[in-house]
Amino acid sequence: MDKCSIVIPVYKKKSLEMEVLSLKQCVKVLGRYPIIFVCPASLPVDYYQSFAQQNHCNISFERFPDWYFTATSNYSKLLLTKDFYKRFADYEFILIYQLDAWVFEDKLEYWCEQDYDYIGAPWFEGFDLATKDSPMLPIAGNGGFSLRKVSAILKVLNTFYREPKSLRRIIAEGADNGVIAKSFNFPLSLFKFIFHKERFRPLWATTLLSEDRAIARHAQKACKDFKLAPPDVARRFSFEAQPRRLYEMNGKKLPFGCHAFEKHDFEFWKEFIMKEGGERARHIRYCASIQ
C-alpha cells in the first residue's frame, strides 16, 4: 500500500488564474506524490492533461456522477460516501487539496507519520464569520486542505451505514440458533428485514453539516478510537479563518499549508505567497490592487 496521494477536486473545464497558481504550487512542492483529480463524469479533462504535460507531472482521474459537483452541499455528500474513499483504498492517506489552498513546503510525510485519522485547520466560533475575539473551537478542522486516513474514515462510514442481512442469512441463523432463536430472534430478524430496520442511515443523511464538520463532530461518537487532531496540533498543519491570529499562536511560523487564502485576510497571506516570486508575485500584486 502506498502512503499518500494528493486528491484535487475540480469541476470546471479550465481553472481560474489563482487556481492555476495554487495547482502549480501543489505540483512544485508535492509533485513526487501521486496526484489524482476528482471530477464529474462528463467533464472534459484536456486542460488538466495539458497542464500535466507542461509541468512534467503524472496525474490520474477519478470520476463521480455530475450531481455531486452541482452544489457545495452535494460535494459534501460525496465526501461522506464509502464509494469515494474506496477509490483510494490503495493509499493509507489522502490529502484533500482544493484549488483555493496553498502548500508552503513538503511536510506531508511528517504529517502522515503523526498517524492522525483526520487533520484540518482549526475553527473559531462563527467559522467564516469569526472575529479576532472569537474563541477557538475544541474540534478541528477544515476540509479544504486536510489529511485523512482512508481506512479510518471508511470505518466511521461503515458504522453509520450497514447493509441489511439477506433473507437467506436470516433463515439460516433462525435454523441454527436453537429453540429460543426460532421462537423470538428469527421472527424479529424477519420483521427488521421486511421493514428495513437493519439499515443504518448514511452519515450524510443524518446531518445538515458540511462534510468536514460532520466528521469532526460525529466520527469519535461512531468510533471511539478515531484520532482527530486537536486544535493545537492542527494549527501547525493548516490555517483558514483568522490566519494572522493563528500565526501568532504558532510562534510566527507558517503551517504546512492553508485554505481559502483569498477569502480570509488576503493582506496577511500575500506577503508570504509573494515570496514565491515571478509570475505568482505579479499576480498577487494585481489581485491586491483590485480588491
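The values are calculated or read from the model by the stated rules, or taken from the named source; none is laboratory data. Note that the coordinates shown come from a computational prediction; the quantities given were computed from them, not determined experimentally. No Cβ is skipped: glycine too gets one built from the backbone with ideal geometry, and neighbour counts run over all protein chains shown.
Just a few scattered comments:
- Residue pairs whose Cβ atoms lie under 6 Å apart, separated by 6 or more positions or on different chains, with the first residue in the stretch 242-253 and free of Cβ contacts under 8 Å to residues at least 40 places away in the same chain and the second in a loop (DSSP other than H, G, I, E, B) and crowded, with 19+ Cβ neighbours inside 10 Å, are Pro243/His264.
- Some residue of the stretch 115-123 being of a type in the set (Gly, Ala, Ser) and closer than 25 Å to His264 by Cβ: yes
- Some residue of the stretch 87-110 being aromatic (Phe, Trp, Tyr), assigned by TED's automatic domain parsing to the domain that holds Phe237, assigned to a helix (DSSP H, G or I) and in contact with a helix residue (DSSP H, G or I) (Cβ under 9 Å, 6 or more places away or on another chain): no
This table checks each residue for (1) surrounded by 19 or more Cβ atoms within 10 Å (Cβ to Cβ); (2) of a type outside the set (Asp, Glu); (3) at pLDDT 95 or above.
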{"residue": "Pro65", "(1), (2), (3)": "no, yes, yes"}
{"residue": "Thr72", "(1), (2), (3)": "no, yes, no"}
{"residue": "Ala89", "(1), (2), (3)": "no, yes, yes"}
{"residue": "Tyr97", "(1), (2), (3)": "yes, yes, yes"}
{"residue": "Asp106", "(1), (2), (3)": "no, no, yes"}
{"residue": "Trp111", "(1), (2), (3)": "yes, yes, yes"}
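- Applying the condition of being of a type in the set (A, V, I, L, M) and part of a loop (DSSP other than H, G, I, E, B) to the stretch 38-53 and asking which residue is surrounded by the fewest Cβ atoms within 10 Å (Cβ to Cβ) yields Ala41.
- Restricting the stretch 49-68 to residues that are hydroxyl-bearing (Ser, Thr, Tyr) and within 21 Å of the chain's Cα centre (by Cα) leaves a set whose member that is nearest to Phe84 (Cα to Cα) is Tyr68.
- Scanning the stretch 24-35 turns up no residue that is assigned to a helix (DSSP H, G or I), surrounded by fewer than 16 Cβ atoms within 10 Å (Cβ to Cβ) and under 15 Å from the mean Cα position of the chain (by Cα).
- Restricting attention to the stretch 117-159, the residues that are in a loop (DSSP other than H, G, I, E, B) and either surrounded by 21 or more Cβ atoms within 10 Å (Cβ to Cβ) or on the phi > 0 side of the Ramachandran plot (or both) total 8.
- For the stretch 30-44, filtering for residues that are of a type in the set (Val, Ile, Thr) and either at pLDDT below 95 or in contact with an Asp or Glu (Cβ under 9 Å, 6 or more places away or on another chain) (or both) leaves 2.
- So Tyr33, is it in contact (Cβ under 8 Å) with a residue 60 or more places away in the chain and either assigned by TED's automatic domain parsing to the domain that holds Lys107 or of a type outside the set (Val, Ile, Thr) (or both): yes
- Listing of helices (runs of 4 or more DSSP H) fully contained in the stretch 194-291 that carry 2 or more residues being at pLDDT 90 or above: 211-222, 231-237, 243-249, 266-273
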